[in-house]
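Enquirer: Handing you a structure now.
Every number in this text was worked out from the coordinates using simple rules, so none of it is lab data. Quantities reported herein were computed from a predicted structural model and do not represent experimental measurements. Here the Cβ is made from the backbone with ideal geometry for all residues, glycine too, and neighbour counts use every protein chain on show.
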Amino acid sequence: MKHLFSGAIAAFVMANAAQAADVMRMAVTTSFNNSGLADVLLPEIAKDLNLDVQLLVVGTGQAIKLGEAGDVDAILVHSRSAEEAFVEGGYGSHRTEIMYNDFVFIGPKDDPAGIQDAEAATAALAAISNAQASFVSRGDDSGTHKKELSLWAEAGLDVAGFGGWYNAVGAGMGAALNTASGMPAYIMSDRASWLNFGNKGELALLYAGDPVLFNQYAYLPVNSEMHDHVKNDLALKLEGWLTSDRAKALINNYKINGETLFVFNAKEAE
Amino acid sequence: MVDIWSGITQAFWLVLTLDAELFEIAGRSLYVTLTALAIACLISLPLAALIAVKRFRARRLVIAVLNALMGLPPVVVGLIVYVILSRSGPLGVLGVLFTPAAMIIAQVIIIVPLITSIAHQSIRDLWQEYHDLLISLNVTQSQKIRTLLWDSRRALLTAALAGFGRGIGEVGAIMIVGGNIDHATRVLTTAIALETGKGEFALALALGFVLIGLAVAVNLAIHWLGQTEREGRW
């Protein structure tokens, strides 16, 4: 029995190694994948570099964990402080900014808290808090969640003291949007996930445009000194492609319903 | 209700047009769960018979633990298997994390207690019936086990099908150890979770109906092959 079992494992390991020569794993955030941009970029990467990028779609917290353990070759996330800690800890060799999109506030169409004409993102949050209007938080330690928490703090509000109107669902962007749609409740989402979301129901985009809502994505190859099995050469090859003019054109021209989602801002790799 | 109806029609069209992606993930679902089932049966059935015929000190404890493990939360199994197979874990050198092999390992762990417990129940009943006969024939332990397994094969089939059901519909563990990677480890259940996350309820439901259909088809096929439920055969 034991032989059969370990034999089966060995067979799988070999079958795995025998796959196409260039395969790498990258952990990305749910918001990046839900935006649909991955479906545009990956086929082009496969064509240009003959590189099959396998995506693990997780929250930023888990993505960083996977990178630290050496289970992926690179990560593409959007939480600056966590990224810098990742590089400082020696888990990533460096951090390269690729592009940004922005966060938007979604809420019930009739806008009970009146955030539509708020002067700033923090003012909009204060209005929601004053009205005790239902609010759905990701609550999953993702980049979006961390951003939301920092905005509450900037507005001078303490999340821990919130009442029953504040719902931390501990789920990905799509699942959280589903919850908000069902309640209906206010929620902070990245623009791309919102535009691609198929179950909008009573929800509408109510507030956007404050510069603090910009959301920078960065690419971090996992440090090969830490984990000698990671495919650092492939990760660097991908980085070169992601910072190239080719990626720039694809990213800047990606639109949903005529709206640009991401703005490319990478500097050519030196 | 609109979603359910459009889910049904979408499922119908996906199957009718032989959608390549659907067949890929459905095939992977079957491959993972059937392989896990085969391995689990090889472990569970002899183990169940052994527990039934052999008297040893910790027997009650083993039975109780197996029964309790039937309710093992898949997400916990997934997490444990992940930690073990992770590159920084003890079996990281195998490099099987985020491959179908890792998913099979997790499912084996999930369904072994279930199959063993159900199989043990029926083998024990049969053993009470056969006890005097087999003892008087003075057969060896392994002959006892083989006789019991063969004569309770119909009940063991039910145990295996219960294991199949638990495996094919499982999402928590394979999401963690498989990673739901497109064209590598995406199966029906993780695809359903993904489409639900995107708010694409109709497509998610369509995949759900395909999953239910698949489970029914496999059960029917096994019953047909085993020629059960026929007059005079049961």
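Enquirer: Filter the GluC sites (Glu not before Pro) in the stretch A:118-156 down to the DSSP loop ones having no more than 16 other Cβ atoms within 10 Å, then list what survives. Mind dumping the intermediate values first?
Expert: Values: sites: A:E119, A:E148, A:E154; in loops: A:E119.
Filter output for the stretch A:118-156: A:E119.
Enquirer: Put a dot 7 Å past each Cα toward the Cβ at B:L69 and A:A204; how far apart are the dots in nm?
Expert: Taking the simple label geometry, A:A204 and B:L69 are separated by 5.7 nm.
Enquirer: Going Cα to Cα from A:K248, which lysines come in below 18 Å? Please leave out same-chain ones fewer than 8 positions away.
Expert: Counting by Cα, and skipping residues close in sequence, A:K248 has these lysines nearby: A:K47, A:K237, A:K267.
Enquirer: May I ask for the distance between the Cα centers of the stretch B:182-227 and the stretch A:211-270, given as a whole number of Å?
Expert: The two parts, judged by their Cα centres, are 34 Å apart.
Enquirer: In addition: Averaged across the residues of A:196-206, what count of C-beta atoms belonging to other chains lies within 10 Å of each residue's C-beta? If you can, show how the numbers build up before the last one.
Expert: On the way: counts 3, 4, 8, 7, 1, 1, 0, 0, 0, 0, 0.
Shielding by partners across A:196-206 averages 2.
Enquirer: Each residue of the stretch A:236-246 in order: what ³J(HN,Hα) in whole Hz does its phi give by Karplus 6.51 cos²θ - 1.76 cosθ + 1.60, θ = phi - 60°, with x for Gly and Pro?
Expert: 6, 4, 5, 4, x, 5, 5, 9, 8, 5, 4
Enquirer: Within the stretch B:33-85, list the trypsin sites (Lys or Arg not before Pro) lying in a DSSP loop whose Cβ has at most 14 other Cβ atoms in a 10 Å radius.
Expert: B:K54, B:R55, B:R57
Enquirer: Pick from B:A40, B:A20, B:A49 the residue whose mean-square fluctuation is largest in a GNM of chain B, springs joining Cα atoms under 10 Å.
Expert: B:A20
Enquirer: Taking 8 Å as the Cα distance limit and 6 or more residues as the minimum spacing, I'd like the relative contact order of the stretch A:103-212 as a percentage.
Expert: That works out to 45 percent.
Enquirer: For the stretch B:41-112, which chymotrypsin sites (Phe, Trp or Tyr not before Pro) are in a loop by DSSP, counting at most 16 other Cβ atoms within 10 Å?
Expert: In loop regions of the stretch B:41-112 (DSSP not H, G, I, E or B), the sparsely surrounded chymotrypsin sites (Phe, Trp or Tyr not before Pro) are B:F56.
Enquirer: Under 17 Å between alpha carbons, and skipping anything fewer than 8 positions from A:K231 in its own chain: which aspartates and glutamates qualify?
Expert: Result set, ordered by chain and number: A:D22, A:D52, A:E68, A:D71, A:D73, A:E239.
Enquirer: Measure out, as a whole number of angstrom, how far apart the alpha-carbon centroids of the stretch B:95-115 and the stretch A:124-164 sit.
Expert: Answer, in whole Å: 39.
Enquirer: Compute the longest continuous run of chain A that contains no exposed trypsin sites (Lys or Arg not before Pro); treat a site as exposed when its DSSP state is not H, G, I, E or B and it has at most 14 other Cβ atoms within 10 Å. Working shown, then result.
Expert: Working: sites that count: A:K109, A:K267.
Answer - A:110-266.
Enquirer: Please return the longest range in chain B lying between exposed loop sites, taking GluC sites (Glu not before Pro), DSSP loop only, at most 10 other beta-carbon atoms within 10 Å, and leaving the sites out.
Expert: On the way: sites that count: B:E229, B:E231.
Excluding the exposed sites themselves, the longest stretch runs over B:1-228.
Enquirer: Starting from the Cα of A:K200, draw a straight line to each of the lysines and keep only those under 23 Å, dropping any in the same chain fewer than 8 residues away.
Expert: The reachable lysines, counting only those whose Cα sits under 23 Å from A:K200, are A:K109, A:K147, A:K255, B:K198.
Enquirer: Using the number of other C-beta atoms within 10 angstrom as an exposure proxy, rank B:S86, A:S137 with the fewest first.
Expert: By the 10 Å Cβ count, ascending, the order reads B:S86, A:S137.
Enquirer: Hey, another quick one. Suppose a student asked you for the relative contact order of chain A, using Cα pairs under 8 Å spaced at least 6 residues apart; what percent would you report?
Expert: 27
Enquirer: Using each residue's phi in the stretch A:206-223, evaluate 6.51 cos²θ - 1.76 cosθ + 1.60 at θ = phi - 60° and report the 3J(HN,Hα) Karplus result to the nearest Hz, with x for Gly and Pro.
Expert: 10, 9, 7, x, 5, x, 5, 8, 5, 10, 8, 9, 10, 10, 10, x, 6, 5
Enquirer: Tell me, what is the Rg over Rh of chain A, with Rh the Kirkwood radius over Cα pairs? It would help to have the intermediate numbers written out before the result.
Expert: Numbers: Rg = 20.2 Å, Rh = 19.8 Å.
The Rg/Rh ratio comes out at 1.02.
Enquirer: Using a 10 Å cut-off on Cβ to Cβ distances, tally the other chain neighbours for every residue of B:94-100 and report the average as a whole number.
Expert: If you average over the peptide's residues, the count of other-chain Cβ atoms is 5.
Enquirer: Quick check: the distance between the Cα centres of the stretch B:147-172 and the stretch A:57-87, to the nearest angstrom?
Expert: Their Cα centres are 40 Å away from one another.
Enquirer: If you don't mind, there's one more thing I want to ask. Using a 10 Å cut-off around each Cβ of peptide B:190-203, what is the average number of partner chain Cβ atoms that fall inside?
Expert: Mean shielding by partner chains, rounded to a whole number: 5.
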